[in-house]
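Trainee: Right, I'll just put the structure down here and ask away after.
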Amino acid sequence: MLHAYVDESYTDDWFFMAAAIGDDKQVATFNNNMPWLVIEAAEYLGLPTVPNELHGYELLQGAGPWSSASVQARIDLAAQALELARECDIKFILRGLDRKAQRQKYNEVYEPYGVVLTQLAKDVNAFARARSTPVDIVCDEIHHDDRHRAMIERWRRNGTPGYTVSKLQSVVGSLEFVASDSSGMIQVADLVAYLRHRIATRPDPPRAERRARDRLWRIIEGQIDQNYVWVP
């Protein structure tokens, strides 16, 4: 049995989702070890409180509980989280949408979450089918989760829209939504989604940011099964 944990990162012009995928043992190992990275980092950095989760934007931008940490310390912690994912052999599927191009091409613009989630679910289904094993999909909590849960059920009955139709036969159970602070897998999906989003939105960053981004990307590059951006 495989489990795909999904989170998103977006701005007005771009929308990215990442799925972090592992089997029962891989997910358990990652989820058991991820909180200790945060606890040890908080203690080492002397933070007044231990953050209840690792959030990509806050960590890499030095916001929220990480505002007092140095850039190097924050990048090191992000690298440790990604190295843990690699050690556990967690795989990643990335999907993006150029929202600006979408608005320019279509008079009726569908909300990006449903569009990208549909594409990601098809990729996750294909990933599981190639390994002859079922997969469930767990997403970070959002508003309108019932609507998106119903959407996935509709695709399973009738097939997904678009040129390549899929009934998501390898996807089992209902789409689940959980709080990100309860799942290290959701948190690493968020970190990877933010990293990919940052690469798309800042193609020519300052040298220091490029070095940090390249360092993080190299850690997980071999773990990425799909990495596609739809430009309508």
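Trainee: Could you grab the pairs with beta carbons closer than 6 Å, sequence gap of 6+ or different chains, first residue in segment 101-128 and under 15 Å from Val6 (Cα atoms) and charged (D, E, K, R), second one in a loop (DSSP other than H, G, I, E, B) and modelled with pLDDT under 95?
Mentor: Close Cβ pairs (under 6 Å, with a partner that is in a loop (DSSP other than H, G, I, E, B) and modelled with pLDDT under 95) amount to Lys122/Thr160; Lys122/Ser166.
Trainee: Oh, and also: How many residues does segment 174-202 contain that are under 19 Å from Phe15 (Cα atoms) and in contact (Cβ under 8 Å) with a residue 60 or more places away in the chain?
Mentor: Number satisfying all stated conditions: 16.
Trainee: From the list Asp190, Asp204, Asp214, exactly one residue is surrounded by fewer than 16 Cβ atoms within 10 Å (Cβ to Cβ) and either at pLDDT 95 or above or closer than 30 Å to Gln26 by Cβ (or both). Which is it? Before you say what the answer is, go through the steps one by one.
Mentor: Details: Asp190 fails: surrounded by fewer than 16 Cβ atoms within 10 Å (Cβ to Cβ); Asp204 fails: either at pLDDT 95 or above or closer than 30 Å to Gln26 by Cβ (or both).
Just a single option satisfies the conditions, and that option is Asp214.
Trainee: Still on this structure: For the condition under 27 Å from Gln72 (Cα atoms) and hydrophobic (A, V, I, L, M, F, W, C), what is the one hit in Leu175, Leu216? Steps first, answer last, please.
Mentor: On the way: Leu175 fails: under 27 Å from Gln72 (Cα atoms).
Of Leu175, Leu216, the one residue that is under 27 Å from Gln72 (Cα atoms) and hydrophobic (A, V, I, L, M, F, W, C) is Leu216.
Trainee: Further, regarding this structure: Tell me, yes or no, whether segment 86-105 has at least one residue that is assigned to a strand (DSSP E or B), of a type in the set (A, V, I, L, M), at pLDDT 95 or above and closer than 20 Å to Glu141 by Cα.
Mentor: Scanning segment 86-105, I find at least one residue that is assigned to a strand (DSSP E or B), of a type in the set (A, V, I, L, M), at pLDDT 95 or above and closer than 20 Å to Glu141 by Cα, so the answer is yes.
Trainee: Working only within segment 131-157, note down all residues that are of a type in the set (D, E, K, R) and part of a loop (DSSP other than H, G, I, E, B).
Mentor: We begin by selecting, within segment 131-157, every residue of a type in the set (D, E, K, R); these are 131, 136, 140-141, 145-147, 149, 153-154, 156-157.
Correct list: Arg131, Glu141.
Trainee: If you scan segment 54-93, which residues turn out to be surrounded by 17 or more Cβ atoms within 10 Å (Cβ to Cβ) and of a type in the set (Asp, Glu)?
Mentor: Glu58, the sole residue that qualifies.
Trainee: Could I ask something else about it? Which one of these does Val165 not meet: (1) in contact (Cβ under 8 Å) with a residue 12 or more places away in the chain; (2) exposed (fewer than 14 other Cβ atoms within 10 Å of the Cβ); (3) not acidic (Asp, Glu)?
Mentor: For Val165, the failing item is (1).
Trainee: Then there is this: Criterion first (touching a residue at least 40 places away in the same chain (Cβ under 8 Å) and over 18 Å from Ile90 (Cβ atoms)) does Pro205 satisfy it? Give the derivation first.
Mentor: Numbers: touching a residue at least 40 places away in the same chain (Cβ under 8 Å): no; over 18 Å from Ile90 (Cβ atoms): yes.
The answer is no for Pro205.
Trainee: Tell me which residues, restricted to segment 1-53, are of a type in the set (Asp, Glu), surrounded by fewer than 13 Cβ atoms within 10 Å (Cβ to Cβ) and touching a residue at least 24 places away in the same chain (Cβ under 8 Å). Full working, then the answer.
Mentor: Taking segment 1-53 as the starting set, the residues that turn out to be of a type in the set (Asp, Glu) are 7-8, 12-13, 23-24, 40, 43, 53.
If we keep only those that are surrounded by fewer than 13 Cβ atoms within 10 Å (Cβ to Cβ) as well, we get 12, 24, 43.
Residue satisfying the conditions is Asp12 alone.
The values are calculated or read from the model by the stated rules, or taken from the named source; none is laboratory data. Just so you know, these numbers come straight off a predicted model, no measurement behind them. FYI the Cβ positions are ideal-geometry reconstructions off the backbone, even for glycines, and counts take in every protein chain you see.
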